[in-house]
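Everything on this sheet refers to the single structure shown next.
Bear in mind that the values in this text are calculations on the coordinates, not laboratory data. What you see is a predicted model, and the numbers here were worked out from it, not measured in a lab. When we count neighbours, we look across all protein chains shown, and the Cβ atoms used for this are built from the backbone with ideal geometry, even at glycine.
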Amino acid sequence: MELYRICFRSKIEWKNVSPELQKELDYSLTRIRRMNRRKGVTGALLMGNTHVLHYFEGKPGPVLDTLYCVMQDARVGEMEAIFHEPAPARLFPNSLMFFRDLTTLEVAQLHPALQFVVDRPSRISVDESMNALCCFSEEMRESRLTNGMMLG
Ligand SMILES: Cc1cc2nc3c(=O)[nH]c(=O)nc-3n(C[C@H](O)[C@H](O)[C@H](O)COP(=O)(O)O)c2cc1C
């Protein structure tokens, strides 16, 4: 199966987001995961104070379709492409849409620099975005552990 992946950053349009953020997140994530299940798309959303880092993987058509869905959503504005390329394997095979709010204390303690990278006004590099995603990708953690054991 031909796999494709895409990563970009978008600016949050807070004026179009409900003041009841948690409710809106729960509702939207349920809808997003339902749509992604239908399309065979998996991925991750990392949310900061001002920006969201988006990552999708799946067949090229559904991945592009998902990008168009996000582009039409008024809750996000200005977008910055980071990478789009054929993928050797899925990073989030078990997540229809993995989600983390990077502004929470829990995440800040585990990954102190992450919110700064996602919210930074200047561009994010491919390596920075990959490192951010790999903090949460079970597949990457497992392969790093295996490599570590083989080296150790
Ligand atoms: C931060 C963010 C992430 C999104 N991620 C996805 C996604 O992974 N898949 C998808 O199909 N739509 C995604 N969308 C798009 C919308 O959720 C969806 O198109 C929107 O809810 C409109 O659907 P509706 O008008 O049918 O409710 C995303 C939107 C935002 C703001």
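Some values worked out for this structure:
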quantity: Neighbour-count ranking [beta-carbon atoms within 10 angstrom, fewest first] of V126, V17; calculated: V126, V17
quantity: Listed residue (A132, L102, S28) projecting farthest to the positive dipole end of the chain, Cβ model; calculated: S28
quantity: Surrounding net charge for R34, when Lys and Arg each add one and Asp and Glu each subtract one, Cβ distance under 15 Å; calculated: +3
quantity: Nearest-20 debye value, the chain charge dipole, Cβ charges on Lys, Arg, Asp, Glu; calculated: 340
quantity: Calculated from backbone phi, Karplus (6.51, -1.76, 1.60) coupling profile of region 28-44 in Hz, x at Gly/Pro; calculated: 5, 5, 4, 5, 4, 5, 5, 5, 5, 4, 4, 8, x, 9, 10, x, 8
quantity: The chain shape via C-alpha gyration tensor axes, a/c threshold 1.5; calculated: oblate
quantity: Residue-wise HN-Hα coupling along region 61-69, computed from phi with Karplus coefficients 6.51, -1.76, 1.60 (Hz; x: Gly, Pro); calculated: x, x, 5, 5, 4, 5, 4, 4, 4
